[in-house]
Structures are given as structure tokens and as C-alpha cells.
């Protein structure tokens, strides 16, 4: 860095109901050189207290009301006030209940110098040092918990796997545990639109040394002064560039952040949102399954991405869990293995509408389970038929095909749908689903032969009057039951892998596993749909949708970058029309059964 680091941490003991220490320097000593700056909010008491930590890119000094005013307006009033920050615990509430809050600016962001390289190993290693530092402070009891939403949850998995001293519990709240498949490349296809939005509005705006932050009310200007545009560019890795240029899990960008969930040993409360069907949901469910923690719990919620974290009911769950492991005050039995059911799920039943938290809380019941996936699951195949049906009976072979334009999307309605008959009795679907398809691609008029197929699938729920029932998505948008994606050249499944199953195909997405796609050839493959829950009433029906692009319910998570929607084996000059042009067809001839296998749950 061209400017010399300064130490100007300030302590305010009078202005707030807690002691506020701003810009405290934490040296990076374990994995690398440098420093991270943190804000500390701690109770005005003499005895040491446990510590809750967040570390991320959005600015420890950027107020929630400025970061997302619409969301802040709807936040539970008990969690609004000075020092409220997006996706993090509110200092006034938690210090009142005997916790210190440490809020860290990730390296290269806010007031922490360094290279901006979000979601990288260097990010998590800096976080590691913050945890160990907090455990050693005189005002700390030595017990540290991690809690926060989204980015502030994603880091928890990785830091916990490093097992820093003092870490006593983690609460990853809607945070993916496998960035390749859950955040950046769904089924191998780049999810570019969200990354573009996220990077341009929420990350680069907070880069260390960026001029004009105070004028824009985006936190204070950098302590050491502004950096030039050339210096800023040198000091960052651009997220979308890395995602587009690293197409496989074993490419350098994704390989450097690899870790083993089994190394997560701290007590775990993983909270998944059923509406997060293109970000985080899968990671919280499979993070729970894969974690090596002896004491681990999975909880599911509904509603928008931002608000449930601050609801009274959910805050009480957070607090009781953290009290058990950080204070030794276990009112419910979290610390006694087997005392509490490890799985607590909310069931989407009925039609309360979307983006209506009160209606959802009133309509959707909760149920506990002893395991995930649920042991009594009856995996049931619903077969696609040439006449667009979805039936539990195996269809007779047919030379008919069902086709759609390969580059279709929701704008031009180029998709196909398969529909069940109205159900004769209520049916619950909760767990993991998979679609097995037999497809080919053919050449469009005037174009060369296509060399890949991107498949987008959705499961939709319609009521007895034929009206689709929508659920609340990440940003309060209407979403279907669930979605799934797959790039067919990456269809290879690791059948011998211990985590592979019929309901959850295991893929590694490595460069060496690319398989050829030729026009006119029929390929059989499985598409993973993310975990979900829905109860279908008598008279209602399900619709399975297959398309060549994003359809309704994608929200911010479009997959349409021209540098990615091309063959992964071609040179960079290829364009989508050269790779995907033409028609995709589903085949029903002898030996080509197409189905969606759904996790049907019988009553207890």
C-alpha cells in the first residue's frame, strides 16, 4: 500500500448504551502479513463476556438505513438504531444481553488495507485471526460465536473448518457452503446477473482507498487517504472476471477456496430459507449434513432474505443456542446430544401469498425431525409423457419428441411443461429431488452444429382453479417451488463417491470430466433440483418445466453472460448461437424414460 498505516482507534464510553471502540487494529499473523480493522461494541460491565463476530465486505461503518433503506424500514424495531448494519447482529440488543460484538472489515475493504479478493482463502484466513484475537482480549471470556446472514454466513463454514482457538459455536444464516455450485455456477452455468449487481453496488463501493465514500454516505473515507484509480485496480480481483475465466471446480479460483465440511467441529445451527432457490438454500442444508460437528442442528425458515433474522421468534432461537455454548446457560438442551430434535422445518402449506411475513408465519406449520433427509421419505417417480403429462405410471415407448428452442427464456416463452392430474389426496414433498432426462440438440437454420446444452428446470404448484401458487423469494419476489440447472457437457456423475445417491447425484465439475455433446445424439442425464418443501392439496397439481434459459422466478439470478453461454471446450470467440443454437428435444423412445423423482413424505 502506498500510504503508511495509522493507528487511530477511538473509544467512546459515553454516547451509547455500550462501549464503542472504532477502528481497532487486529494484526494478521497466522497465515499472512497485514492487518484487519474492527469495531468493538461491548457491555459496560467489568466482567469478561462472550464475543459474536462478523467479517465481511459491506462496511462495518455503513449504516443499514443507507445500505438498504427499504429493508431497514421493515426491520423489527428492537433491532434498529445506531450502528445497525446490513445482515449483522444489532449491537444494542446483544450487548444488553451480555455479549460483545466485533464487526470486521474484510481485507481490502472499508478500513482494512490489502487486496480486495472477496470470497477467497485470504478472506477467510484474515477472519481466522480476528477470531483468535477476540478470544484473547481482556474483556473477552475466551468464547467466540459467529453469526450473520449471507456473506457473513458463508465465511463461517470456512473459518470453522480452520478451527481457530476460542470458537465455541456458529450460526450460518442463509450462507452457501459450496460457492461453485450454490452461488456462482449453478450446474456449471455462470449465475452472472446477481454477481454483477452485488459487486457493483455492495462490494467495490466499499474498497479500501476509494474516494468519495463519506460524500456518498457510504461510511467514512479511508483513514490513510484515497488511492488512485490505477492503485485501486491493482489492489483488487474482480469477482465476475474470476467466475467467467474459471469454469471448473479445479480451476485456480475455485480450487484455492476448497475446504472439507467434515473439518467443521464447532456446535452448529444452520438456518436455510426455502425461498433462496438460487443462493444459499442448498448450502445450508448440505452444510448441515456434511459438517463434522457432534452437536449440529438444521432449521428452515421462509420469507425474504433479510428480515427473518431479526424477527422475535428467530432471535430467541439464536440467543438460546448461543447462550448454551458461549455462556453455559442451556435452557432447552442444545448441548445435550439427543435432547432436541436436530431438524426443525417450516412446511409450506396453503397459499398465504408471497412477501407477507405475518401471513406466512400464521399459515405455515413447523415440524421437527430426527434426521435429514427424512428417513421415511418415499422417493416417487413422476414420468414425463409425450402429451405433456406427469404421471406415476411408466409411459409406453413413443417415437414422439417434445421440443423447445435452445436459447429460449421467459421473455419468448420457449419452454415446455408437463402437468400432473389434480391430486386425489393431499401430498407432502419435502427433501431432495432429481430429474432424469433423455435429450438431444439439433442445428438451427443457417447455424453450425450446437456443441452443448444448458438445461433449466422448475417445479411449479397450481391450485385447483389453475392459478400458480408463488412463494417468497430472496428479494420478496414470487418464486416457484424449486429450480435446478445443468450444463450437459458436465453431466458426469461420481457414482462411486460416498456422498452420491439416487436422489442427490454427485458431480465434481472438473475440467477433465467434460464430455462431448454432438448434434443428433441422445444423452441421458440427471438434473439436481435443490431441496424444498411443499404440500399439495387435494385438487391441486404440479407442473415440471424444462427450458433453455431462465424463466419466471429467477429473480436476480439470471444466467445470460455471452462469455459463458458457449461451449466450454471452444475458444473465447465463440458466441451462444454457435454453441446452443437450434432445438432441444426430449425423447420417449424405447429405453428413454424421463421422470422427476420427488421426496414424498407419509404422515408420521
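The values are calculated or read from the model by the stated rules, or taken from the named source; none is laboratory data. Please read all numbers here as calculations on a predicted model, not as lab measurements. Cβ placement follows ideal geometry from the backbone for every residue including glycine, while neighbour counts extend to all protein chains displayed.
The table for this structure:
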{"read-out": "Test: residue in region 546-553 that is surrounded by 14 or more Cβ atoms within 10 Å (Cβ to Cβ), more than 23 Å from residue 382 (Cβ to Cβ) and either under 21 Å from the mean Cα position of the chain (by Cα) or modelled with pLDDT of 95 or more (or both)", "value": "yes"}
{"read-out": "Elements of type strands (runs of 3 or more DSSP E) contained in region 1-77, each with 3 or more residues being modelled with pLDDT of 95 or more", "value": "19-27, 35-42, 49-56"}
{"read-out": "Of all residues in region 573-602 being in a loop (DSSP other than H, G, I, E, B), at pLDDT 85 or above and under 30 Å from the mean Cα position of the chain (by Cα), the one that is nearest to residue 438 (Cα to Cα)", "value": "594"}
{"read-out": "Flag for residue 488 being within 21 Å of the chain's Cα centre (by Cα) and either under 26 Å from residue 305 (Cβ atoms) or surrounded by 20 or more Cβ atoms within 10 Å (Cβ to Cβ) (or both)", "value": "no"}
{"read-out": "Within region 245-272, tally of residues that are modelled with pLDDT of 95 or more, in contact with a helix residue (DSSP H, G or I) (Cβ under 6 Å, 6 or more places away or on another chain) and outside any loop (DSSP other than H, G, I, E, B)", "value": "5"}
{"read-out": "Number of the condition not met by residue 277 [criteria: (1) in contact with a helix residue (DSSP H, G or I) (Cβ under 8 Å, 6 or more places away or on another chain); (2) modelled with pLDDT under 95; (3) under 29 Å from residue 374 (Cβ atoms)]", "value": "(1)"}
{"read-out": "Members of region 291-326 that are within 21 Å of residue 357 (Cα to Cα), in contact with a helix residue (DSSP H, G or I) (Cβ under 8 Å, 6 or more places away or on another chain) and in a loop (DSSP other than H, G, I, E, B)", "value": "302, 303, 304, 306, 307, 311"}
{"read-out": "Selected residue [in contact with a helix residue (DSSP H, G or I) (Cβ under 7 Å, 6 or more places away or on another chain), crowded, with 20+ Cβ neighbours inside 10 Å and under 19 Å from residue 208 (Cβ atoms)] from 58, 64, 18", "value": "58"}
{"read-out": "Residues satisfying the stated conditions in region 184-208, i.e. under 23 Å from residue 113 (Cβ atoms) and crowded, with 22+ Cβ neighbours inside 10 Å", "value": "203, 206, 208"}
{"read-out": "Residue 329 vs. criteria surrounded by fewer than 18 Cβ atoms within 10 Å (Cβ to Cβ) and in contact with a helix residue (DSSP H, G or I) (Cβ under 8 Å, 6 or more places away or on another chain)", "value": "yes"}
